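Here is the structure we will look at.
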Amino acid sequence: MLVRVRSSAVLGVAAVGIDVEVEALQGMPRVELVGLATSAVQEAKVRVQAAVRNLGVDLPEKRIVVNLAPADLRKEGSSFDLPIAVALLAACKRLPPEALEGFHFAGELALSGEVKPIRGALAQAIEARRAGATALVVPEANALEAAVVEGLRVHPARHLGEVVAWMNGVAEPPTRAPAAPQLAPDGALDLADVAGQEHARRALEVAAAGGHNLLLFGPPGSGKTMLARRLPGILPPFTFEEALEATVVHSVAGLTRDRGLLAERPFRSPHHSVSDAGLVGGSNIPRPGEVSLAHHGVLFLDELPEFRRHVLDALRQPAEDGEVCIVRATRAVRYPAQFMLVAAMNPCPCGWYGDARRACRCTLHELAVYRRRISGPLLDRIDLHVDVPAVPCAALPSAGSTEPSAAVRARVLAARERQAERAGPGGPRVNARLKGAALRRACPLPPEGRRLLAEAVEKLGLSARAHDRILRVARTVADLEGADRIAVAHLAEAVQYRALDRRA
Ligand SMILES: Nc1ncnc2c1ncn2[C@@H]1O[C@H](COP(=O)(O)OP(=O)(O)O)[C@@H](O)[C@H]1O
Ligand SMILES: [Mg+2]
Ligand SMILES: [Zn+2]
């Protein structure tokens, strides 16, 4: 008798349906696994046989063939253990095949029969729903993320024996209800904690309003990290669609154990020793990198010049395209990567260049080498360069008297609404993504404005790219003010955010 159990395989951030077919044939007693299973999936054979034996079930003295269909799709990962075990048990008449109707299964098995967590359970739940399943059995640690999908009963499983009991109608399977998104326990970080730094706070607001990339530079301890961490709190709150997309990426990376939908925009700050695979994704089995884990959120590169050059170069393509494509021998995998880039750096290797409190010990040569590490194409892609000088100690106690994040976020939302209205359906939702003709249409300049911009380009020796960046930022400054047209004051503010071009 042929038994078929439904499951799925995760490819990138989507899952595709997989049928696990089991048939017991006459022949040498053994288990064969076919259907383009990689060596990692071949190991399932060993785990499943041990788990089944630990239930006290002896496999029949037959040749048992397990096929993963469609066969032309390479299978990876360990989530086929559970569906294979269920199919095997049904083929040995330990559970009735009719009971499997409408069910999908995903889970890894320990030799003991315990069900272990997997990656990508949310993508598999979405696929199960799409394929018309009414129930999904997943490892207990993955049940909350799967429960995000509506119209699907999610049954958290701890042990194979439990699943067999459910299918035989001996026990009632528990169902996991979706949980409300949980905010971080320590509460969101608030801008009210930052004393002074009017200039940097304003730049943060402009960046959030227009989706602009941002570079903070200043001496150690001046509050660069503190400011960057408060950016998610002034960005528009997640829409459900955005939260779902971001959570799927985190799920594929195995970061969603015992967690449902992400409640706030991600803030990722990889260490500067990160590899290019760690930053943009890849390695042997494709995995999302930091740029994708920051999807719909913030990627923070602290101590920017310490990152290896080829790693920063790898960042350019995803920053431009909003996605990463990892090409492997047999196929290409895509991960979304729409993030805001925030970078921070000291003004010089010793950190004290331009600070009144301590003398800089760097030579001109050291300074030039340091600046050159981040110069060029990457710097060109950052709209706002922001000076963050140290706040004198005397000013620090006044923290709390400054504006809270909620007030800033309200202005950011209003500015975003203006941008969306101007772009219309399908247009770029933030000014940072305006290009070419659309950019020029959105940014007509008064004659004095055109003169000012031409002068700045001439004096600072700006590239055409930098010219466009000034236009976009000026558009955002005008949107924050609720102005339809860009005025000279808006342009002047945008020009001063090219501080590093000026110094170069
Ligand atoms: N403007 C500020 N208001 C309140 N606290 C500040 C401010 N600037 C710095 N601090 C304090 O100094 C610490 C170090 O700041 P940090 O953001 O780590 O500096 P940086 O990243 O520039 O080296 C912060 O955790 C905070 O306690
Ligand atoms: Mg820091
Ligand atoms: Zn120095």
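Got at least one residue in region 40-56 being out of contact with any Lys or Arg (no Cβ under 9 Å at 6 or more places or on another chain), in a strand (DSSP E or B) and touching a residue at least 24 places away in the same chain (Cβ under 8 Å)?
no
Quick check on N142: is it touching a Leu at 6+ places or on another chain (Cβ under 9 Å), on the phi < 0 side of the Ramachandran plot and surrounded by fewer than 18 Cβ atoms within 10 Å (Cβ to Cβ)?
In short, no.
Which one is farthest from L255 (Cα to Cα) among residues in region 103-117 that are buried (at least 24 other Cβ atoms within 10 Å of the Cβ) and free of Cβ contacts under 8 Å to residues at least 60 places away in the same chain?
V115
Can you report the number of residues in region 324-352 which are without any contact (Cβ under 8 Å) to a residue 24 or more places away in the chain and either touching a Pro at 6+ places or on another chain (Cβ under 6 Å) or more than 16 Å from ligand 1 (Cβ to nearest atom) (or both)?
Adding up the residues that qualify gives 4.
Spot the failing condition for S7; the list is (1) at pLDDT 95 or above; (2) more than 18 Å from A165 (Cβ to Cβ); (3) of a type outside the set (F, W, Y); (4) part of a helix (DSSP H, G or I), and only one is missed.
(4)
So if I check each of A343, A337, which one is within 16 Å of ligand 2 (Cβ to nearest atom), buried (at least 21 other Cβ atoms within 10 Å of the Cβ) and aliphatic (A, V, I, L, M)?
Every option except A343 fails the conditions.
Condition first: in contact with an Asp or Glu (Cβ under 8 Å, 6 or more places away or on another chain) and within 16 Å of ligand 3 (Cβ to nearest atom). Now tell me which residues in region 199-223 satisfy that.
F217, G218, P219
Name the one entry in F238, F300 that is within 16 Å of ligand 2 (Cβ to nearest atom), aromatic (F, W, Y) and surrounded by 15 or more Cβ atoms within 10 Å (Cβ to Cβ).
Of the residues listed, the single one that is within 16 Å of ligand 2 (Cβ to nearest atom), aromatic (F, W, Y) and surrounded by 15 or more Cβ atoms within 10 Å (Cβ to Cβ) is F300.
Just to be sure before I move on: is A314 out of contact with any helix residue (DSSP H, G or I) (no Cβ under 8 Å at 6 or more places or on another chain), in the same structural domain as A207 (by TED's automatic domain parsing) and away from ligand 3 (no atom under 16 Å from the Cβ) in the structure I sent?
In short, no.
For A195, only one of the following conditions fails: (1) hydrophobic (A, V, I, L, M, F, W, C); (2) at pLDDT below 90; (3) under 25 Å from the mean Cα position of the chain (by Cα). What is its number?
Unmet condition: (3).
Is at least one residue of region 250-266 crowded, with 21+ Cβ neighbours inside 10 Å, more than 21 Å from R381 (Cα to Cα), touching a helix residue (DSSP H, G or I) at 6+ places or on another chain (Cβ under 7 Å) and of a type in the set (G, A, S)?
yes
Kindly indicate whether any position in region 202-218 is within 30 Å of Y497 (Cβ to Cβ), among the polar types (S, T, N, Q), away from ligand 2 (no atom under 16 Å from the Cβ) and not in a helix (DSSP H, G or I).
yes
Here is a check on your reading of the model: is L384 of a type outside the set (F, W, Y), modelled with pLDDT of 90 or more and farther than 30 Å from L73 by Cβ?
yes
Quick one: count up the residues across region 103-134 that are under 18 Å from G260 (Cα atoms) and either of a type in the set (G, A, S) or part of a strand (DSSP E or B) (or both).
Residues that pass the stated criteria total 8.
Quick test for you: out of L95, L160, L88, L136, pick the one residue that is over 30 Å from R331 (Cβ atoms) and crowded, with 24+ Cβ neighbours inside 10 Å.
Of L95, L160, L88, L136, the one residue that is over 30 Å from R331 (Cβ atoms) and crowded, with 24+ Cβ neighbours inside 10 Å is L160.
Give region 78-102 a look and list any residue that's under 22 Å from N54 (Cβ atoms) and either in a loop (DSSP other than H, G, I, E, B) or free of Cβ contacts under 8 Å to residues at least 60 places away in the same chain (or both), or say none.
Hits for region 78-102 are S78, S79, F80, D81, C92, K93, R94, L95, P96.
Would you call G254 over 22 Å from A343 (Cα atoms) and either out of contact with any Leu (no Cβ under 7 Å at 6 or more places or on another chain) or away from ligand 2 (no atom under 16 Å from the Cβ) (or both)?
yes
The values are calculated or read from the model by the stated rules, or taken from the named source; none is laboratory data. Just so it is clear, the structure is predicted and the values come from calculations on it, not from any experiment. Reconstructed Cβ throughout: ideal geometry from the backbone, glycine too, with neighbour counts over all protein chains shown.
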